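Taken together, the values in this text are just the output of simple stated rules run on the coordinates, not laboratory data. Being a predicted model, the structure only gives us computed values, none of them experimental. No Cβ is skipped: glycine too gets one built from the backbone with ideal geometry, and neighbour counts run over all protein chains shown.
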Amino acid sequence: MQRIPGDTLDINRKKRAQTPSLEIEDRLPTLRICDFEEVRIPFTPEQAMYEASRCIECPDPAACVRACPVNNDIPSAMWLISQGEFLEAAKIYRETSSLPEICGRVCPHDKLCEGSCVQGKHDDPVATGALEAFVIDYERKYGEIDLSVPEPVGQKVAIVGSGPSGLSAAEQLMKRGYQVTIFDSKPQMGGLLLYGIPNFKLDKNVVYDRIEEICQLGLEFVGNTMIGKDKSVDDLLNEGFDAVYLAVGTWVDAPMDIPGENLPGVYKGTEYLIRNNVCDDLFPKDLDPNTITGKKIVVIGGGDTASDCLRTAVRMEADEVTCIYRRTENEMPGSAKDRKLAMEEGASYQFLTQPVKFIANEKGHLSKVECIRMELGEPDASGRRRPVAVEGSNFILEADIAVLALGYWPDETIGKSDPDIETHKWGLIVADENQATSKEGVFAGGDAVTGPQLVVTAMRAGRKAAASIDRYLMQKRGIVLEE
């Protein structure tokens, strides 16, 4: 779209480049640790216009667009926001994203759009993530979201998994005229968005609002149903679904494999987050609904789940909250922004430290974690320097709760239940460039194919899968597609 005329742009670009950052405000740590409300203070319209005016309108293809996994037209959105055209900016995001209000909150913008912003070379980058969330929230409050659907094409699609990939595929398919049913092992839709991300990062009401909008397109939901166990993929095809999209994510917490790992008081990250962040009526049927509390809590891991667990523990009124990570902070894969927030809120970090044993008290409950100091050796297969134990450096940390936030593995249930669906790497589903699996009419995407990645990449896979399913089913209807 035409934003600023060329001659005017040349005059304004230098001025925009010299506009200082607004500096996004967060709630004070002393206040925000008392509740689970979102940390970031939303922009006012005036603040949004000011911050967006810092965008210098880089020539196409702008670095921020190239860094966005769904190639949002960020410069156009920034120009519209700077002019106060918030509803038009929201439309720009919805052209390429099914979950802009969520991506604006949870994407690691420092590694994507904001990390590529040229303003970041001499000042803070333009706050593109917060501005994306602002305009979508504004649209929900003051505008209208397009919930129209075309005439039904007469074909049905089953989607397995209601996380970002499944929801995005459902939205796109219904906008193409398909009848869509989502199956999920949990009682409520949302997947990771609802069960894996704490409220202080993503308000549950934001998730509920987006799910409700997608449901209004005609979505049907079947909860508490695990495909591969309660029903098979063949059952879905035999029940009249013309295609199936597998978007089950990666929900199996990686184990630590050290003595004492099964002691009472040692929890996996997923269980810890669900039990302390989700209302009782939304609990999976096989999970204890009671909260997990302790005074001295150790979280093991260096990713975003570890940060989420640390910050949750602080809000659950623990006296000491410590993160243990076997490399240095420079090698941590999680968001630096989340880590900074955790430190502000009172969490401490023990780098170059590896647990080797969980120790019980006289009652059989966790009371201590034996650790060993590490040093960095030669790079491993991932390119990061390998942590090597320092002989004789063992020491003890007191802890009544330990949380393992070591990453996630795929669930092998579907692959083991259907030999026609090819899997690899401990259960990841094999899919081609069109998200098609080895089984006719069955597609797959998101973390179930790639392994744990971002909300935005899972959403991108869902939209791509919807387009591929549409082409597949059009051919089944006898429609000849152009090359």
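Below is a table of values for the structure above.
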read-out: Contact order relative to length of the chain, as percent, for alpha carbon pairs under 8 angstrom and 6 or more apart; value: 15 percent
read-out: Calculated FRET efficiency for the pair Glu433/Asp319, C-beta based, R₀ 51 Å, to 0.05; value: 0.50
read-out: Low-density loop cleavage sites - trypsin sites (Lys or Arg not before Pro) in the range 198-241, where at most 16 other Cβ are within 10 Å (DSSP); value: Lys229
read-out: Rg to Rh quotient for the range 6-142, alpha carbon positions, Kirkwood Rh; value: 0.96
read-out: Amide H partners (placed H, <5 Å) of Ile159, local residues excluded; value: Thr181, Ile182, Phe183, Tyr245
read-out: Cα-projected label distance for Asp280 with Thr30, points at 7 Å along beta-carbon direction, nm; value: 3.5 nm
read-out: Total formal charge among the other residues, if their Cβ is under 15 angstrom from that of Arg327, Lys/Arg +1 and Asp/Glu -1; value: +1
read-out: In the range 55-157, GluC sites (Glu not before Pro) in a DSSP loop with at most 13 other beta-carbon atoms within 10 Å; value: Glu144
read-out: Fraction of alpha-carbon pairs over 20 Å apart in the range 234-368 - percent; value: 55 percent
read-out: Along principal axes, Cα extents of the range 223-280, largest first, whole Å; value: 47, 29, 17
read-out: Estimated distance in nm for a label pair at Ile41 and Lys416, the labels positioned 7 Å out from Cα along Cα-to-Cβ; value: 5.2 nm
read-out: Inter-label distance for Val118 and Gln83, nm, one decimal - labels placed 7 Å from Cα along Cα-to-Cβ; value: 2.1 nm
read-out: Reciprocal of mean inverse Cα separation for the range 291-332 (Kirkwood radius, Å); value: 10.6 Å
read-out: Stretchable slack from Glu391 to Leu263, in nm (0.36 nm times residue separation minus alpha-carbon distance); value: 43.5 nm
read-out: Trypsin sites (Lys or Arg not before Pro) restricted to the range 277-363 and DSSP loop, no more than 16 other C-beta within 10 Å; value: Lys285, Lys295, Lys363
read-out: Antiparallel DSSP beta bridges within the chain, as percent of all bridges there, nearest 5; value: 40 percent
read-out: Evaluated at q = 0.08, 0.12, 0.14 Å⁻¹: base-10 log I(q)/I(0), Debye formula over Cα of the chain; value: -0.53, -1.15, -1.42
